[in-house]
1. Expressed in nm², what is the orientationally averaged projection area of the convex hull enclosing the Cα positions of region 3-146?
2. Within 10 Å, count the other beta carbons around each residue, average over each peptide in 8-19, 134-145, 114-125, and list them highest first.
3. Taking 0.36 nm per residue of separation and subtracting the Cα-Cα distance, what length does fully extending K43 through D141 add?
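Taken together, the values in this text are just the output of simple stated rules run on the coordinates, not laboratory data. What you are looking at is a predicted structure, and each value in this text was computed from that prediction instead of being measured. Neighbour counts run over all protein chains shown; Cβ positions are idealised from the backbone, glycine included.
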Amino acid sequence: MSEISDSIQAKCLAFGDKVIKLNDYMLSKAANAKLHYKMVGGKRVYEKPIPVYLQAVSNLCNQLLRAGTSIGANNAEASSAISKADFKSKSYIALKEARESLYWIELLHRNKYLTDVQFTCLYNDCEELVKILVARCKKLDAELKTGK
């Protein structure tokens with residue numbers, strides 16, 4: 001890998017680390033929510049149904065986990081591309097995953113699963129990846145058009 005690719009991959013890995021840690025934190029927080037139940041005929045009966053938000057936060061976290069870690073995976077694949085077209089394709093996929101991650105981060109924040117501080121930190125890191133990948137993709141488009 002070139003120094004630039006190494007630098008991009010380091011940013012992808014750092015973002016992936018944050019996404020993984022956030023996922024673990026949010027799921028453990030959701031799992032520790034107090035659910036009240038009573039025993040009826042030897043069976044556990046919840047006084048209140050299991051909150052839907054536990055399912056929602058799990059699903060949203062999983063979506064962010066998949067998209068957020070896919071950025072680095074696709075960037076790594078791009079570094080082993082067999083052609084410029086393959087490199088461009090993997091780079092665009094990494095960009096799409098980064099943009100998808102922004103969406104999940106924003107959705108988690110809008111629904112109060114992320115604090116303002118968590119949101120700002122993650123969003124800014126992901127937005128930086130988007131900008132880097134957009135610049136790379138634009139450069140690749142220009143190179144492929146001119147035949148370099």
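1. Values: hull surface 42.8 nm².
With the hull built on Cα positions only, its mean projection is 10.7 nm².
2. Values: 8-19: 18.1, 134-145: 13.1, 114-125: 14.7.
Those peptides, ordered most packed to least, come out 8-19, 114-125, 134-145.
3. Values: separation 98, 0.36 × 98 = 35.28 nm, distance 6.25 nm.
Between K43 and D141, full extension yields an extra 29.0 nm.
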